[in-house]
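The values are calculated or read from the model by the stated rules, or taken from the named source; none is laboratory data. None of the values given here were measured: they were computed from a predicted structure. Because the Cβ atoms are built from the backbone with ideal geometry, glycine has one as well, and the counts that use them run over all protein chains shown. Areas reflect the complete protein model, heavy atoms only, side chains present, ligands, DNA and RNA absent. Shrake-Rupley method; radii C 1.70, N 1.55, O 1.52, S 1.80 Å.
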Amino acid sequence: MSPIKDFGVTYEAVNRENTFSGGDTVTGTVTFTLTSETKVKSVAVKVKGQADVRWTEGSGDNKKSYTAQRKYFKLKENLVAEHGKGAVLSQGVHCFKFRFKIPEGDMPPSFKGFHGKIVYMLEAKLSRSWRLPSVVQKELNFVSKSFPHPGQVMCPQSGSVNKGQVQMSATINRKVCSPGDTLSVVAKICNSSSKNTKAKFSLQQKIVYRARGSTNVSDQSLYKMVGDTINPKSEETVSCQVKIPANVIHTLHNCEIISVDCYLKVYLDIKFAFDPEVVFPLVIVPPSFATFQPSEAMAPYPAGAVGAPSYSDFPPPAFPVGPYPVPTGPGAYGYPAPVPTQPAHIASGYNYQWPQQAAPYGFSNPAFPPSSVQYQAPTAPPLFPQGEELPTYMSLYPPSNDTVGKTG
């Protein structure tokens, strides 16, 4: 029977949504209980992010499989170093703390689809000689800071189509929205034909998987509405309120093998005729990214790009930043500084240990005064007393007796 019990890994949230992005710090604890003194080879924790795509086409001898993978980062830390014969841990509860900083960069958000996924995983592993390792995983909900450029966030979009005797113009009130938001759509239809028609509204989500030069496309309808019948030789204005579903997938354009788009389609249903339509591309973002001003636009900015907005350019959240609850002690994010690594043979039964790493991530106190303090430059004394006439140039620099004309 294995002496290892209650092997687990936990991490601390950095915001109320329990999401992570590039540049965030993942801090957590690996815990387990030993029922007897045990010799272990290593105790390690790692965090990684990667995208995978897989699907098959055809059947029998014509069956083909398509796979693709993209790795974004992988960080690993040995909590009990793997040296020679390993280490001996005493009976009891053991607790090891860790800290990773996710690299900056234009990495895609977490995603799970029928033919692919993008996963950011936290994994802890305890290895022993001649034994299967004990492994536990926790998935991180990763949110990208980059989104396609939609132009003005709150400005309406308009489109029109003219198909012979049927004309339609449509307008939506915004281009960028979040799950739970409501879109307002207005369509004006001029039916000069001899047939009845109906205005239809459809919210679509398109997912494209790519591997080995091939694509697999999934186009799903999230919402549909049918308007009233528009009689021949008449004009009508039809409006619709479209609510973005709570489970809609965010727009995803910064992954080479997976892309996700959302769009609203307004079209006319005409029997035995071509259905004219107007398509409005939408950008679906997390609620925390939808707080921009109406005149602002959101665009992808790779890390280090000239002119890219810094983290301070984004609006401040309405909640305190940092792990919850927010401590008040010294140190970045309220965490204590790392302590020296424990020796190979651990005698105590309950251990709290920080791995040997750089100083905790954080910012030092600003060296400039607060905005309420105005800087005043010292006043220099006047060069000449007030009322005294300034000297002339000739008095300061009298002409020389010798000139070029006399001496050559």
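Computed values, structure above
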{"item": "DSSP-assigned coil residues among trypsin sites (Lys or Arg not before Pro) in the range 37-115, each with at most 14 further Cβ atoms within 10 Å", "result": "Lys63, Lys85"}
{"item": "Per DSSP, loop GluC sites (Glu not before Pro) in the range 63-129 with at most 15 further Cβ within 10 Å", "result": "Glu82, Glu104"}
{"item": "Protein accessible area in the range 175-268, 1.4 Å probe - carbon and sulfur %", "result": "42 percent"}
{"item": "Sites Gln165 and Lys46, calculated FRET efficiency, Cβ-Cβ separation with R0 56 Å, nearest 0.05", "result": "0.30"}
{"item": "Label-point separation, Phe114 to Asn62 (7 Å along Cα→Cβ), nm", "result": "2.0 nm"}
{"item": "Mean Cβ count within 10 Å, highest first, over the residues of peptides 174-180, 3-9", "result": "174-180, 3-9"}
{"item": "Whichever lysines have a C-alpha closer than 24 Å to that of Lys200, once near sequence neighbours (fewer than 8 apart) are set aside", "result": "Lys163, Lys175, Lys188, Lys224, Lys233, Lys243, Lys265, Lys271"}
{"item": "Simple spin-label estimate for Arg54 and Met121 in nanometres, 7 Å along Cα-Cβ", "result": "1.1 nm"}
{"item": "Label-point separation, Val186 to Thr237 (7 Å along Cα→Cβ), nm", "result": "0.5 nm"}
